[in-house]
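The values are calculated or read from the model by the stated rules, or taken from the named source; none is laboratory data. All values reported here derive from a predicted model rather than from experimental measurement. Glycine gets a Cβ as well: all are built from the backbone with ideal geometry, and neighbour counts include every protein chain shown. Note: areas computed on protein heavy atoms with side chains; ligands, DNA, RNA excluded. Shrake-Rupley method; radii C 1.70, N 1.55, O 1.52, S 1.80 Å.
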Amino acid sequence: MTKQAIKNKLKPLGNRVLAKRLEAEEKMKGGIILPDTAKKKQETAQVVAVGTGKKDKKGNLIPFSVQVGDKILMDKYSGQEVSIDGEEFVILNADDIIAIVE
C-alpha cells in the first residue's frame, strides 16, 4: 500500500504522527537467526503522516519537528497500535518522538 493510500484512510489529528515500525533484524551478529517471538519491539519507525498540529497560547500553529519520510526513534511503549489493510502502524503523540535518525 502506498503512503498516499494510507494517508487517505487514516489522518492523525492534532499533535499526532502516524508511523510504521521498521522491521527488526532477523540475524544477530554471530549469525543466529531469531524467530518472530524472540524479536524485541522496535523503537524505530518511519513517519507516514502528520496531524494538523498543536497551537500555542495565542492560537498560532507550532510546526512539527518531523516530516513524512523521516526515520524516528520513539519511546518504547508509546502510541496506539493500528492495523490498516493488514499492515501494522502506530499513532503517537509528537512529544513521544525522541529523535530523528540520520
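Out of all the residues in segment 15-32, which are of a type in the set (Gly, Ala, Ser) and modelled with pLDDT under 90?
Correct list: ALA24, GLY30, GLY31.
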**Asked** List, please: which pairs have Cβ atoms under 8 Å, are six or more places apart or on different chains, and start with a residue in segment 82-102 that is polar (S, T, N, Q) and end with one that is part of a strand (DSSP E or B) and open to solvent by 40 Å² or more (accessible area, probe 1.4 Å)?
**Response** ASN93/ARG16
